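Below is one structure, written out as structure tokens; the observations come after it.
The values are calculated or read from the model by the stated rules, or taken from the named source; none is laboratory data. Since the model is a prediction, treat every value here as computed from it, not as a measurement. Please note: Cβ atoms are built from the backbone with ideal geometry, for glycine as well, and neighbour counts cover all protein chains shown. All accessible areas refer to the heavy atoms of the entire protein, side chains included, with ligands and DNA or RNA removed. Shrake-Rupley method; radii C 1.70, N 1.55, O 1.52, S 1.80 Å.
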Amino acid sequence: MNVKETLLETLAESDGEYISGAMLAEKIGVSRNAVWKAVRSLETEGYLIEAVTSKGYRISAVNNRLSEKLIRASLKTESFGKNIIILDETDSTNNYAKETAVSGAEHGTVVIADTQSSGKGRLGRTFVSPKGKGLYMTVIIRPDFDLETASLITSAAACAVAGAVEELCHSDVKIKWVNDLYMNGRKICGILTEASLGMEMKSLDYAVIGIGINVRSAEGSFSRDLRVSATSVEDETGLKIDRNRLCAEVLNSLERYLSEIESRNYIREYRNREFLTGNTITANVNGNTVIAFAEGIDDNANLIIKLPDGTIKHLSSGEASLCRVIE
Ligand code: BTN
């Protein structure tokens, strides 16, 4: 590692504490002037570093530059994030991750992009991904569980991400069945899971879990229509969350939820967060719009609805789309 990389790693590991120029110089084995030059160089790369006379240097809490070292500093996982790929731009991190998975990438590999030119949402929709504003990440998993359990991946991921966002910003995060996260009634995050079946069609070869979180205020980048339904963590909380911390928190949480998925214990939390439940909704079921009462979530994370004639249906995510609460 060169001076700049060692400096970044040292600052990343200081957990927000200042480290004096003298201490950095000693630790890295260079002069204080070389430390100062490396700080300047990191700043030109976009890192926000605070320098205070008599205290020293630290990475700013509002730094917004994605960095493997800064993610690693908060990572507490076994395998998620062992391999981290950070891209300035790609069409879609899900596409990139699928290609990487086909080439043999290991379980837990994560692909992150600063922007996506064709971010994908469910049902062929676009996920608007302005540069530097969101956390656009995809995790490759090679699970050994059966296909029924595999159908729970997105709902478990929704709980995991909701918990991670709450941990950093202390504001309630709700889930709109099946894969959207909401804050104060507007969407802050969408999740798109894509999977490839193994040869015997009994289990998955791999799945990619794509997570898009609107982190920083991006009002100017969203169309007027989108602004009505979408928001960002910053717009709702006033907090400029560091995407590196958030990425690590998501990976920590996701690894834990997926390792316990077979117990279905998370379903209780999912039910508590889900907000269609208890409301009259419209849902597009296999191409037809129906009005129904959302009764709740079953043990397979399906939405239970009651139709006007009293019929009860359990909807899987593949069957229903565009569920909306009727006010
Ligand atoms: C949705 O809202 O319907 C799902 C949106 C999922 C967006 C994320 S951003 C990272 C990953 N890459 C993509 O192209 N999509 C997912």
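Hey, what angle do you get for helix 93-102 against the long axis of the chain, alpha-carbon based, 0 to 90 degrees rounded to 10?
Result, in degrees: 90.
What does the charge count near residue 241 come to, summing +1 for each Lys or Arg and -1 for each Asp or Glu among other residues with Cβ under 10 Å from its Cβ?
Working: positive: 216, 240, 243, 245; negative: 234, 242, 249.
Neighbour charge sum, excluding residue 241 itself: +1.
Compute the distance from the alpha-carbon center of segment 72-126 to that of segment 134-210, in whole Å.
Measuring centre to centre over Cα atoms gives 13 Å.
Considering only protein heavy atoms, what per residue accessible area in square angstrom results for the chain with a 1.4 angstrom probe? Spell out each step's value before the answer.
Details: 15530 Å² over 327 residues.
Heavy-atom SASA per residue in the chain reads 47 Å².
Between residue 186 and residue 325, what is the label-point separation in nm under the 7 Å Cα-to-beta-carbon projection?
Here the modelled spin labels are 1.6 nm apart.
How do the peptides 231-237, 61-67 rank, highest first, by the average count of neighbouring beta carbon atoms within 10 Å per residue? Walk me through the numbers on the way to the answer.
On the way: 231-237: 21.1, 61-67: 18.7.
Result, highest mean Cβ count within 10 Å first: 231-237, 61-67.
Can you tell me how much longer the chain between residue 103 and residue 34 gets when fully stretched, taken as 0.36 nm per residue apart minus their C-alpha distance, in nm with one decimal?
20.8 nm
If the chain between residue 125 and residue 312 were fully stretched, how many nm would it gain, using 0.36 nm times the residue separation less the Cα-Cα distance? The partial results should precede the final answer.
Numbers: separation 187, 0.36 × 187 = 67.32 nm, distance 2.91 nm.
Working it through step by step, the gained length comes to 64.4 nm.
Considering only 255, 17, 106, give the residue with the highest GNM mean-square fluctuation for the chain, with springs between Cα atoms whenever their separation is below 10 Å.
Ranking 255, 17, 106 by mean-square fluctuation puts 17 first.
Tell me, what % of the accessible area of the chain is carbon and sulfur with a 1.4 angstrom probe? Each step should come with its number before you reach the end.
Numbers: 7190 of 15530 Å².
Within the chain, the accessible surface is 46 percent carbon and sulfur.
Measure nothing but the geometry: give the 0 to 90° angle between the long axis through the Cα atoms of 153-169 and the longest principal axis through the Cα atoms of the chain, rounded to 10°.
50 degrees
What net charge do the residues around residue 105 carry, taking every other residue with its C-beta under 13 Å from that of residue 105, with Lys and Arg at +1 and Asp and Glu at -1?
Values: positive: 82, 98, 142; negative: 99, 106, 205.
My count for the surroundings of residue 105 gives 0.
Between residue 262 and residue 219, how high is the FRET efficiency from 1/(1 + (r/R0)^6) when r is the Cβ-Cβ distance and R₀ = 35 Å? Nearest 0.05. Please report the intermediate quantities before stating the final value.
Values: r = 42 Å, r/R0 = 1.19.
My answer for the efficiency is 0.25.
Sticking with the crude label model, points 7 Å out along Cα→Cβ, report the distance from residue 200 to residue 26 in nm, one decimal please.
The modelled label-to-label distance comes out at 6.1 nm.
Determine, for each peptide in 49-56, 264-271, the mean count of other beta carbons within 10 angstrom over its residues, then list the peptides with the highest first.
Values: 49-56: 12.6, 264-271: 16.2.
Order by mean packing, descending: 264-271, 49-56.
All other residues with a Cβ under 15 Å from the Cβ of residue 294 taken together, and with Lys, Arg as +1 and Asp, Glu as -1, what is their net charge? Could you put the intermediate results ahead of the total?
Values: positive: 174, 176, 271, 273, 306, 313, 324; negative: 180, 274, 295, 298, 319, 327.
Here the count lands on +1.
In nm, give the distance between the simple-model label positions of residue 83 and residue 229, each being 7 Å from the Cα along the Cα-to-Cβ direction.
Spacing of the two 7 Å Cα→Cβ label points: 3.6 nm.
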